[in-house]
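Enquirer: One structure, pasted below without further comment.
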Amino acid sequence: MAEIKIPAQVRAEFGKGAARRIRRANQVPAVVYGHGSEPVHVTLPGHDLMMALKTPNVLLSLDIEGRDELVIPKAVQRDALKGFLEHVDLLVVKRGETVTVEVPVHTVGDLAPGNNLLEHTLTALPVEAEATHIPEAVTVSVAGLEAGASVLAKDVVLPAGASLAVDADAVVLHVVAGQAAEATEGAEA
């Protein structure tokens, strides 16, 4: 995964009014913390951050007053109606460090013929990976699976360097038989 470089400015103003002024200027208030260091409150360019956060578990390289800091998003707060970024919590990571993140599960292939439905028990799979090699997603083939079939966490093929951070017998996907629409008597009248 490539690092995305974003400039950050340390902020001294706090509170609701200050956050609103920052957002009006197309910036996003954020806090950077981790590794026993004091939290650093920063403002980030809104558009650049929004584009970077389109990739799950993105690795950001923040330029904070001439000092580079590697971070991953820990919590992202968005406006409930418009989806604008309101605040971001960023966790400091170091190269070579192992982190636990949730990686989206993508499916490929078609289920067996019939009225089968695919139930996603886990939409994201917790994995441990090196901070600079976090997988963007894991892909699971559901080709030919019939009703009653399940895909367990241990059946998911993980990229090199990643390991499960969940019970190996946890159900990730499950195929269920769909309900057939029953014709009601007297409906044809």
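The values are calculated or read from the model by the stated rules, or taken from the named source; none is laboratory data. From a predicted model like this one, the values you see are computed outputs, not experimental measurements. Here Cβ is always computed from backbone atoms with ideal geometry, including for glycine, and neighbour counts include all displayed protein chains. For accessibility, only protein heavy atoms count, side chains too; no ligands or nucleic acids. Shrake-Rupley method; radii C 1.70, N 1.55, O 1.52, S 1.80 Å.
Enquirer: Would you please list the contacts, defined by Cβ atoms under 7 Å and residues six or more apart or on different chains, that run from a residue in the stretch 78-105 that is touching a residue at least 12 places away in the same chain (Cβ under 8 Å) to a residue that is of a type in the set (D, E)?
Expert: E86/D79; V92/E69; G96/E130; T98/E128; T98/E130; T100/E128
Enquirer: Also, quick follow-up: Can you tell me which residues in the stretch 123-174 are hydroxyl-bearing (S, T, Y) and out of contact with any Lys or Arg (no Cβ under 7 Å at 6 or more places or on another chain)? Give the derivation first.
Expert: Residues of the stretch 123-174 that are hydroxyl-bearing (S, T, Y), as a first pass: 123, 132, 139, 141, 150, 163.
Answer for the stretch 123-174, where residues must be hydroxyl-bearing (S, T, Y) and out of contact with any Lys or Arg (no Cβ under 7 Å at 6 or more places or on another chain): T123, T139, S141, S150, S163.
Enquirer: Of the residues that make up the stretch 52-64, is at least one farther than 19 Å from A8 by Cα, of a type in the set (S, T, N, Q), part of a strand (DSSP E or B) and at pLDDT 85 or above?
Expert: The answer is no, given that none of the residues of the stretch 52-64 is farther than 19 Å from A8 by Cα, of a type in the set (S, T, N, Q), part of a strand (DSSP E or B) and at pLDDT 85 or above.
Enquirer: Sort out which residues of the stretch 16-51 are among the small types (G, A, S) and part of a helix (DSSP H, G or I), and write them in order of number.
Expert: Pass one, the stretch 16-51, residues among the small types (G, A, S): 17-19, 25, 30, 34, 36-37, 46.
Within the stretch 16-51, G17, A18, A19, G46 qualify.
Enquirer: Output the qualifying pairs, or none if there are none: Cβ atoms under 7 angstrom, residues six or more apart or on different chains, first residue in the stretch 149-177 and in contact (Cβ under 8 Å) with a residue 60 or more places away in the chain, second residue among the small types (G, A, S).
Expert: Qualifying pairs under 7 Å: V172/A153; L173/S150; V175/A147; V175/G148; V175/A149; V176/A147; A177/A147.
Enquirer: Looking at the stretch 1-14 only, could you name the residues that are in a loop (DSSP other than H, G, I, E, B) and either modelled with pLDDT under 85 or within 16 Å of the chain's Cα centre (by Cα) (or both)?
Expert: Within the stretch 1-14, M1, A2, A12, E13, F14 meet the criteria.
Enquirer: Go through (1) open to solvent by less than 60 Å² (accessible area, probe 1.4 Å); (2) closer than 30 Å to L60 by Cβ and name the single condition V142 misses.
Expert: (2) is the only condition that V142 fails.
Enquirer: Take the stretch 146-163 and flag every residue that is among the small types (G, A, S) and open to solvent by less than 30 Å² (accessible area, probe 1.4 Å).
Expert: Within the stretch 146-163, A149, A153, A162 qualify.
Enquirer: Can you work out which of the residues in the stretch 41-67 that are surrounded by fewer than 18 Cβ atoms within 10 Å (Cβ to Cβ) and touching a residue at least 60 places away in the same chain (Cβ under 8 Å) is farthest from P126 (Cα to Cα)?
Expert: Restricting to residues being surrounded by fewer than 18 Cβ atoms within 10 Å (Cβ to Cβ) and touching a residue at least 60 places away in the same chain (Cβ under 8 Å), the top hit is T55.
Enquirer: Here's a check for you: in the stretch 88-104, which residue that is open to solvent by less than 40 Å² (accessible area, probe 1.4 Å) and not hydrophobic (A, V, I, L, M, F, W, C) is farthest from V138 (Cα to Cα)?
Expert: D89
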